[in-house]
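Novice: Got a structure here, written out as C-alpha coordinates. Questions coming.
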Amino acid sequence: MRRRTLAGIGSLAAGAVAAGSAVALTLTDEPRVSAAQVTGATTGRSAKPGDFDGDHRADLVVKRYRPGGTGQISVLYGGKGGLGAPVTFSKETPGVPGQGSASDRFGDSLAVGDLDGDGFAEVVAGAAGTRLGKTERAGAVTVLYGTRKGLTAKGARSVDLSLAGAPARPQKHELFGSSVLVQDLNGDGTGDLVIAGYGRTYPDLPSSIGAVYYFPGGKGGPLLKGAFAITPRTLNVKGFWRIAETLMP
Ligand SMILES: [Ca+2]
Ligand SMILES: [Ca+2]
(Lines give C-alpha, C1' and ligand atoms only; values in the text may rest on other atoms or scores of the structure.)
(Ligands and ions follow the chains in the order given, each with its own letter.)
Protein backbone atom coordinates (compact mmCIF):
# COMPACT_ATOMS: atom_id res chain seq x y z
CA MET A 1 0.00 0.00 0.00
CA ARG A 2 1.13 3.46 -0.81
CA ARG A 3 0.58 6.28 1.59
CA ARG A 4 -0.01 9.83 0.58
CA THR A 5 -0.74 13.00 2.41
CA LEU A 6 -4.15 14.54 2.64
CA ALA A 7 -5.15 17.14 0.14
CA GLY A 8 -8.85 17.78 -0.38
CA ILE A 9 -10.03 16.80 3.07
CA GLY A 10 -7.21 18.26 5.05
CA SER A 11 -9.56 20.38 7.08
CA LEU A 12 -11.69 17.33 7.84
CA ALA A 13 -8.78 15.33 9.21
CA ALA A 14 -7.39 18.33 11.04
CA GLY A 15 -10.77 18.81 12.69
CA ALA A 16 -10.97 15.15 13.54
CA VAL A 17 -7.58 15.24 15.19
CA ALA A 18 -8.61 18.33 17.13
CA ALA A 19 -11.61 16.34 18.37
CA GLY A 20 -9.23 13.83 19.89
CA SER A 21 -10.03 10.96 17.57
CA ALA A 22 -7.65 8.48 16.05
CA VAL A 23 -8.00 9.80 12.50
CA ALA A 24 -4.56 10.05 10.95
CA LEU A 25 -3.26 12.73 8.66
CA THR A 26 -2.49 10.24 5.92
CA LEU A 27 -4.70 8.24 3.63
CA THR A 28 -3.96 4.74 2.42
CA ASP A 29 -4.42 3.77 -1.18
CA GLU A 30 -6.25 0.48 -1.17
CA PRO A 31 -5.55 -1.93 -4.03
CA ARG A 32 -8.95 -1.52 -5.59
CA VAL A 33 -10.05 -0.88 -9.12
CA SER A 34 -8.99 2.49 -10.38
CA ALA A 35 -11.06 4.81 -12.49
CA ALA A 36 -8.59 4.48 -15.30
CA GLN A 37 -9.46 0.80 -15.63
CA VAL A 38 -12.98 1.65 -16.72
CA THR A 39 -12.72 3.38 -20.05
CA GLY A 40 -14.67 6.56 -20.12
CA ALA A 41 -15.61 6.40 -16.46
CA THR A 42 -15.42 9.52 -14.43
CA THR A 43 -14.90 9.98 -10.76
CA GLY A 44 -17.33 12.84 -10.69
CA ARG A 45 -20.58 12.92 -8.82
CA SER A 46 -22.56 10.75 -11.20
CA ALA A 47 -20.45 7.65 -11.92
CA LYS A 48 -18.08 5.66 -9.72
CA PRO A 49 -16.11 2.46 -10.34
CA GLY A 50 -15.87 -0.35 -7.80
CA ASP A 51 -15.78 -4.13 -7.52
CA PHE A 52 -19.23 -5.00 -6.15
CA ASP A 53 -19.06 -8.76 -6.82
CA GLY A 54 -15.43 -9.34 -5.91
CA ASP A 55 -14.35 -10.82 -9.25
CA HIS A 56 -11.52 -8.30 -9.59
CA ARG A 57 -13.12 -6.73 -12.64
CA ALA A 58 -14.23 -3.13 -12.48
CA ASP A 59 -17.95 -2.51 -12.18
CA LEU A 60 -19.59 0.84 -12.46
CA VAL A 61 -22.40 2.59 -10.62
CA VAL A 62 -24.08 5.51 -12.33
CA LYS A 63 -26.76 7.94 -11.34
CA ARG A 64 -29.88 7.94 -13.49
CA TYR A 65 -31.74 11.17 -13.61
CA ARG A 66 -35.34 11.42 -14.60
CA PRO A 67 -36.88 14.91 -14.40
CA GLY A 68 -39.65 14.88 -11.82
CA GLY A 69 -39.04 11.22 -11.04
CA THR A 70 -37.55 9.47 -8.06
CA GLY A 71 -33.81 9.01 -8.09
CA GLN A 72 -32.26 5.82 -9.42
CA ILE A 73 -28.82 4.32 -9.63
CA SER A 74 -27.69 1.61 -12.02
CA VAL A 75 -24.89 -0.89 -11.65
CA LEU A 76 -23.08 -2.25 -14.71
CA TYR A 77 -20.86 -5.26 -14.09
CA GLY A 78 -17.54 -5.66 -15.79
CA GLY A 79 -17.04 -8.88 -17.75
CA LYS A 80 -14.85 -10.24 -20.50
CA GLY A 81 -16.75 -8.26 -23.14
CA GLY A 82 -16.89 -5.03 -21.17
CA LEU A 83 -19.73 -3.71 -19.05
CA GLY A 84 -23.00 -5.69 -18.90
CA ALA A 85 -26.64 -4.62 -18.79
CA PRO A 86 -27.58 -2.12 -16.08
CA VAL A 87 -29.24 -3.31 -12.86
CA THR A 88 -31.21 -0.48 -11.32
CA PHE A 89 -31.92 0.38 -7.69
CA SER A 90 -34.15 3.05 -6.20
CA LYS A 91 -35.99 3.58 -2.95
CA GLU A 92 -38.83 1.56 -4.50
CA THR A 93 -36.57 -1.50 -4.76
CA PRO A 94 -37.69 -4.04 -2.11
CA GLY A 95 -35.20 -4.00 0.76
CA VAL A 96 -34.19 -0.37 0.32
CA PRO A 97 -35.38 1.60 3.37
CA GLY A 98 -37.59 4.65 3.05
CA GLN A 99 -39.99 5.85 0.41
CA GLY A 100 -38.88 7.43 -2.82
CA SER A 101 -39.94 10.90 -3.85
CA ALA A 102 -38.81 13.28 -6.54
CA SER A 103 -37.46 15.69 -3.96
CA ASP A 104 -35.27 13.30 -1.96
CA ARG A 105 -32.57 13.23 -4.70
CA PHE A 106 -31.59 9.59 -4.16
CA GLY A 107 -28.27 8.92 -5.85
CA ASP A 108 -27.42 12.56 -6.34
CA SER A 109 -24.21 11.89 -4.45
CA LEU A 110 -22.43 8.55 -4.75
CA ALA A 111 -19.48 6.86 -3.08
CA VAL A 112 -18.03 3.39 -3.37
CA GLY A 113 -15.91 1.33 -0.98
CA ASP A 114 -15.84 -1.64 1.36
CA LEU A 115 -17.41 -0.50 4.63
CA ASP A 116 -17.79 -3.87 6.36
CA GLY A 117 -14.46 -5.39 5.39
CA ASP A 118 -15.76 -8.44 3.49
CA GLY A 119 -13.90 -7.56 0.30
CA PHE A 120 -16.99 -6.53 -1.69
CA ALA A 121 -17.48 -2.85 -2.34
CA GLU A 122 -20.61 -1.12 -1.11
CA VAL A 123 -22.46 1.68 -2.85
CA VAL A 124 -23.38 4.70 -0.77
CA ALA A 125 -26.17 6.78 -2.30
CA GLY A 126 -27.01 10.13 -0.76
CA ALA A 127 -30.57 11.39 -0.75
CA ALA A 128 -30.06 14.82 0.76
CA GLY A 129 -33.65 15.93 0.24
CA THR A 130 -35.10 13.09 2.32
CA ARG A 131 -37.72 14.02 4.91
CA LEU A 132 -37.20 12.37 8.29
CA GLY A 133 -40.56 12.28 10.08
CA LYS A 134 -41.69 15.90 9.97
CA THR A 135 -38.21 17.27 9.35
CA GLU A 136 -38.12 18.46 5.75
CA ARG A 137 -34.96 17.89 3.73
CA ALA A 138 -33.06 16.55 6.73
CA GLY A 139 -31.34 14.11 4.39
CA ALA A 140 -30.37 10.44 4.51
CA VAL A 141 -27.84 8.10 2.95
CA THR A 142 -28.50 4.56 1.73
CA VAL A 143 -25.86 1.84 1.95
CA LEU A 144 -26.26 -1.04 -0.53
CA TYR A 145 -23.97 -3.97 0.16
CA GLY A 146 -21.76 -5.82 -2.27
CA THR A 147 -21.88 -9.63 -2.33
CA ARG A 148 -20.44 -12.47 -4.39
CA LYS A 149 -23.52 -12.09 -6.61
CA GLY A 150 -23.11 -8.34 -6.87
CA LEU A 151 -24.83 -5.41 -5.28
CA THR A 152 -27.97 -6.30 -3.33
CA ALA A 153 -30.83 -4.37 -1.75
CA LYS A 154 -31.10 -7.10 0.88
CA GLY A 155 -29.96 -5.69 4.18
CA ALA A 156 -29.67 -2.19 2.74
CA ARG A 157 -29.44 0.44 5.46
CA SER A 158 -30.29 4.05 5.92
CA VAL A 159 -27.65 6.11 7.67
CA ASP A 160 -29.24 9.30 8.96
CA LEU A 161 -29.36 11.47 12.05
CA SER A 162 -32.63 9.97 13.31
CA LEU A 163 -30.78 6.78 14.28
CA ALA A 164 -30.21 6.11 17.98
CA GLY A 165 -26.58 6.93 18.74
CA ALA A 166 -26.16 9.29 15.77
CA PRO A 167 -23.70 12.11 16.51
CA ALA A 168 -26.34 14.85 16.05
CA ARG A 169 -30.10 15.20 15.72
CA PRO A 170 -31.82 15.78 12.36
CA GLN A 171 -32.16 19.39 11.31
CA LYS A 172 -34.57 20.90 8.80
CA HIS A 173 -32.89 21.69 5.46
CA GLU A 174 -29.55 20.26 6.57
CA LEU A 175 -29.21 18.17 3.39
CA PHE A 176 -27.29 15.41 5.17
CA GLY A 177 -25.81 13.32 2.36
CA SER A 178 -25.20 16.26 0.01
CA SER A 179 -21.72 14.80 -0.47
CA VAL A 180 -20.44 11.34 0.53
CA LEU A 181 -17.03 9.72 0.66
CA VAL A 182 -15.66 6.28 1.52
CA GLN A 183 -12.02 6.26 2.53
CA ASP A 184 -10.03 4.40 5.15
CA LEU A 185 -9.22 7.32 7.39
CA ASN A 186 -8.24 5.43 10.55
CA GLY A 187 -5.90 3.04 8.75
CA ASP A 188 -7.55 -0.20 9.89
CA GLY A 189 -7.92 -1.44 6.30
CA THR A 190 -11.70 -0.97 6.09
CA GLY A 191 -13.31 2.02 4.42
CA ASP A 192 -14.93 4.62 6.65
CA LEU A 193 -17.97 6.67 5.70
CA VAL A 194 -17.85 10.45 5.64
CA ILE A 195 -21.06 12.37 5.04
CA ALA A 196 -21.54 16.08 4.54
CA GLY A 197 -24.55 18.03 5.70
CA TYR A 198 -24.25 21.10 3.54
CA GLY A 199 -27.03 23.10 5.13
CA ARG A 200 -26.45 22.59 8.86
CA THR A 201 -26.98 25.82 10.79
CA TYR A 202 -25.95 26.89 14.28
CA PRO A 203 -27.92 29.29 16.48
CA ASP A 204 -24.90 31.46 17.28
CA LEU A 205 -23.43 31.58 13.76
CA PRO A 206 -24.57 33.30 10.57
CA SER A 207 -25.99 31.44 7.59
CA SER A 208 -25.62 27.73 6.92
CA ILE A 209 -22.14 26.53 7.74
CA GLY A 210 -22.59 22.79 7.30
CA ALA A 211 -21.24 19.79 9.16
CA VAL A 212 -19.25 16.68 8.34
CA TYR A 213 -20.00 13.32 9.91
CA TYR A 214 -17.68 10.36 10.29
CA PHE A 215 -18.88 6.75 10.65
CA PRO A 216 -16.17 4.13 11.02
CA GLY A 217 -16.16 1.01 8.91
CA GLY A 218 -15.78 -2.46 10.37
CA LYS A 219 -17.75 -5.67 10.76
CA GLY A 220 -21.38 -4.75 10.13
CA GLY A 221 -20.23 -1.26 9.11
CA PRO A 222 -20.77 1.58 8.75
CA LEU A 223 -20.86 1.83 12.55
CA LEU A 224 -22.56 4.29 14.85
CA LYS A 225 -20.12 3.42 17.61
CA GLY A 226 -17.21 5.78 17.18
CA ALA A 227 -19.18 8.12 14.90
CA PHE A 228 -18.70 11.84 15.41
CA ALA A 229 -19.56 15.20 13.90
CA ILE A 230 -17.16 17.88 12.78
CA THR A 231 -18.71 21.27 13.33
CA PRO A 232 -17.50 24.88 13.61
CA ARG A 233 -16.95 24.20 17.31
CA THR A 234 -14.71 21.22 16.50
CA LEU A 235 -12.69 23.38 14.14
CA ASN A 236 -12.81 26.38 16.48
CA VAL A 237 -14.05 28.71 13.76
CA LYS A 238 -16.48 31.58 14.14
CA GLY A 239 -18.14 33.73 11.53
CA PHE A 240 -18.88 32.63 7.99
CA TRP A 241 -17.23 29.41 6.91
CA ARG A 242 -18.38 26.53 4.82
CA ILE A 243 -17.12 23.21 6.06
CA ALA A 244 -19.10 20.75 4.01
CA GLU A 245 -19.26 21.98 0.44
CA THR A 246 -17.65 18.93 -1.15
CA LEU A 247 -15.73 15.89 0.05
CA MET A 248 -12.82 14.73 -2.07
CA PRO A 249 -10.64 11.68 -1.69
CA1 LIG B 1 -18.45 -4.98 1.76
CA1 LIG C 1 -11.16 2.31 8.52
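The values are calculated or read from the model by the stated rules, or taken from the named source; none is laboratory data. Everything numeric here is computed off the predicted structure, so don't read it as measured data. Please note: Cβ atoms are built from the backbone with ideal geometry, for glycine as well, and neighbour counts cover all protein chains shown.
Novice: With the structure loaded, tell me whether LEU163 is more than 21 Å from GLY226 (Cβ to Cβ) and more than 16 Å from ligand 1 (Cβ to nearest atom) or whether it fails that test.
Specialist: On the way: more than 21 Å from GLY226 (Cβ to Cβ): no; more than 16 Å from ligand 1 (Cβ to nearest atom): yes.
No: the conditions fail for LEU163.
Novice: I need the full set of residues from the range 145-156 which are out of contact with any Ser or Thr (no Cβ under 7 Å at 6 or more places or on another chain) and either within 16 Å of ligand 2 (Cβ to nearest atom) or closer than 19 Å to PRO216 by Cα (or both), in order please.
Specialist: GLY146, GLY155
Novice: Inspect the range 201-212 for any residue being under 14 Å from the mean Cα position of the chain (by Cα), assigned to a loop (DSSP other than H, G, I, E, B) and not β-branched (Val, Ile, Thr) and give the result as yes or no.
Specialist: Looking through the range 201-212, none of the residues is under 14 Å from the mean Cα position of the chain (by Cα), assigned to a loop (DSSP other than H, G, I, E, B) and not β-branched (Val, Ile, Thr).
Novice: Within 16 Å of ligand 1 (Cβ to nearest atom), of a type in the set (Asp, Glu) and either in contact with a Phe, Trp or Tyr (Cβ under 6 Å, 6 or more places away or on another chain) or free of Cβ contacts under 8 Å to residues at least 60 places away in the same chain (or both), is that true of GLU136? Spell out the reasoning first.
Specialist: Numbers: within 16 Å of ligand 1 (Cβ to nearest atom): no; of a type in the set (Asp, Glu): yes; either in contact with a Phe, Trp or Tyr (Cβ under 6 Å, 6 or more places away or on another chain) or free of Cβ contacts under 8 Å to residues at least 60 places away in the same chain (or both): yes.
Against the criterion (within 16 Å of ligand 1 (Cβ to nearest atom), of a type in the set (Asp, Glu) and either in contact with a Phe, Trp or Tyr (Cβ under 6 Å, 6 or more places away or on another chain) or free of Cβ contacts under 8 Å to residues at least 60 places away in the same chain (or both)), GLU136 does not qualify.
Novice: Name the single residue that is farthest from ligand 2 (Cβ to nearest atom) among those in the range 157-189 being crowded, with 19+ Cβ neighbours inside 10 Å and of a type in the set (A, V, I, L, M, F, W, C).
Specialist: LEU175
Novice: Still on this structure, please answer the following. Being surrounded by fewer than 16 Cβ atoms within 10 Å (Cβ to Cβ) and within 17 Å of the chain's Cα centre (by Cα) is the filter here, so list the residues in the range 122-152 that pass it.
Specialist: Hits for the range 122-152: nothing passes.
Novice: For the condition within 26 Å of GLY217 (Cβ to Cβ) and modelled with pLDDT under 95, what is the one hit in ASP116, ASP108, ASP160? Working first, answer last.
Specialist: Working: ASP116 fails: modelled with pLDDT under 95; ASP160 fails: modelled with pLDDT under 95.
Only one candidate qualifies: ASP108.
Novice: Residue by residue through the range 231-249, note down the ones that are polar (S, T, N, Q), surrounded by 15 or more Cβ atoms within 10 Å (Cβ to Cβ) and part of a loop (DSSP other than H, G, I, E, B).
Specialist: Of everything in the range 231-249, just one residue is polar (S, T, N, Q), surrounded by 15 or more Cβ atoms within 10 Å (Cβ to Cβ) and part of a loop (DSSP other than H, G, I, E, B), namely THR231.
Condition check ((1) touching a helix residue (DSSP H, G or I) at 6+ places or on another chain (Cβ under 8 Å); (2) farther than 15 Å from ASP104 by Cα; (3) assigned to a loop (DSSP other than H, G, I, E, B)) across all residues:
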residue: GLY146; (1), (2), (3): no, yes, no
residue: LEU161; (1), (2), (3): no, yes, yes
residue: VAL182; (1), (2), (3): no, yes, no
residue: ASN186; (1), (2), (3): no, yes, yes
residue: TYR214; (1), (2), (3): yes, yes, no
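Novice: Spot the failing condition for LEU132; the list is (1) touching a Pro at 6+ places or on another chain (Cβ under 7 Å); (2) within 16 Å of ligand 2 (Cβ to nearest atom), and only one is missed.
Specialist: (2)
Novice: Note down all Cβ pairs under 6 Å where the first residue falls in the range 158-183 and is basic (Lys, Arg), the second is surrounded by fewer than 21 Cβ atoms within 10 Å (Cβ to Cβ), and they're at least six residues apart or on different chains.
Specialist: LYS172/THR135; LYS172/GLU136
Novice: Only one of these conditions is not met by THR190: (1) part of a loop (DSSP other than H, G, I, E, B); (2) away from ligand 1 (no atom under 16 Å from the Cβ); (3) modelled with pLDDT of 95 or more; (4) of a type in the set (Val, Ile, Thr). Which number is it?
Specialist: Among (1) part of a loop (DSSP other than H, G, I, E, B); (2) away from ligand 1 (no atom under 16 Å from the Cβ); (3) modelled with pLDDT of 95 or more; (4) of a type in the set (Val, Ile, Thr), the lone unmet condition for THR190 is (2).
Novice: How many residues are touching a residue at least 60 places away in the same chain (Cβ under 8 Å) and either among the polar types (S, T, N, Q) or buried (at least 20 other Cβ atoms within 10 Å of the Cβ) (or both) if we restrict to the range 79-115?
Specialist: The number of residues fulfilling the criteria is 11.
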